[in-house]
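Everything below concerns the one structure shown next.
The values are calculated or read from the model by the stated rules, or taken from the named source; none is laboratory data. The structure presented is a predicted model; accordingly, all values stated were derived computationally and were not measured. Here the Cβ is made from the backbone with ideal geometry for all residues, glycine too, and neighbour counts use every protein chain on show.
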Amino acid sequence: MNCPFCSHPDSRVLESRVSQENSVRRRRECEKCQKRFTTYERQESMQTLIIKRSGGREPYTRDKFKAGIARAVAKTTITAQQIDELVDSVENELAALNKQEVNSSFLGELALERLKDMDQVAYVRFASVYRQFRSVRDFIEELKLLQNKLSEQTAKKQKK
């Protein structure tokens, strides 16, 4: 690892720990200038292609997916850490599937499953984009489905 201050190629690792984003955080010290810096190592996985609605394909980009989630959860109680955990969870599920290509709608549904339990407003916002709501009726139908699922969950909890 080259030092970001003096570009010396050798540094020593002072501390390593696994961070919450499935990466390794390393605290390093340059052997030449003695300055300290931090690096993050993430396991590179097989590149997944996303099949768009138009039929086009593009590489999965964590930042683009995360930005879509962030827009849906704007002005809610969901934190940046919770967004990262949601994205990590979806990425882990994609990796477990070991598919080279997935539909964008499948990716959206994975996110919706997680958002449903986190925040209902964010869920509906995200669903409106991924399911391409065209009218108020589409929103109402989605809200009815959400309400029915919540009622079922409440009934199950009360039976226990």
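Values computed for the structure shown
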| quantity | calculated |
| --- | --- |
| Qualifying residue in region 106-121 (condition: at pLDDT below 85, over 22 Å from PRO4 (Cβ atoms) and among the β-branched types (Val, Ile, Thr)) | yes |
| Members of region 9-36 that are in a loop (DSSP other than H, G, I, E, B), modelled with pLDDT of 90 or more and of a type in the set (S, T, N, Q) | GLN34 |
| Selected residue [in contact with a Ser or Thr (Cβ under 8 Å, 6 or more places away or on another chain) and touching a residue at least 24 places away in the same chain (Cβ under 8 Å)] from ARG57, ARG53, ARG27 | ARG53 |
| Any hit, region 127-142, residues being in a helix (DSSP H, G or I), in contact with a helix residue (DSSP H, G or I) (Cβ under 6 Å, 6 or more places away or on another chain), at pLDDT below 85 and of a type in the set (D, E, K, R) | yes |
| Residue satisfying condition, being buried (at least 16 other Cβ atoms within 10 Å of the Cβ), of a type outside the set (Lys, Arg) and not in a helix (DSSP H, G or I), within set VAL124, VAL102 | VAL102 |
| Selected residue (only one of TYR40, TYR60 is more than 11 Å from the chain's Cα centre (by Cα), under 30 Å from ASN2 (Cβ atoms) and buried (at least 17 other Cβ atoms within 10 Å of the Cβ)) | TYR60 |
| Answer from ALA111, ALA95 - the residue that is hydrophobic (A, V, I, L, M, F, W, C), within 24 Å of LYS144 (Cβ to Cβ) and not in a loop (DSSP other than H, G, I, E, B) | ALA111 |
| Of residues in region 77-95 being aliphatic (A, V, I, L, M) and at pLDDT 85 or above, the one nearest to ARG42 (Cα to Cα) | VAL87 |
| Any hit, region 36-43, residues being within 24 Å of GLY108 (Cα to Cα) and not hydrophobic (A, V, I, L, M, F, W, C) | yes |
| Exclusive hit being part of a loop (DSSP other than H, G, I, E, B), touching a helix residue (DSSP H, G or I) at 6+ places or on another chain (Cβ under 8 Å) and of a type in the set (A, V, I, L, M, F, W, C), set ILE78, ILE50, ILE69, ILE83 | ILE78 |
| Selection status of PHE65, of a type outside the set (A, V, I, L, M), more than 27 Å from GLU142 (Cα to Cα) and touching a residue at least 12 places away in the same chain (Cβ under 8 Å) | no |
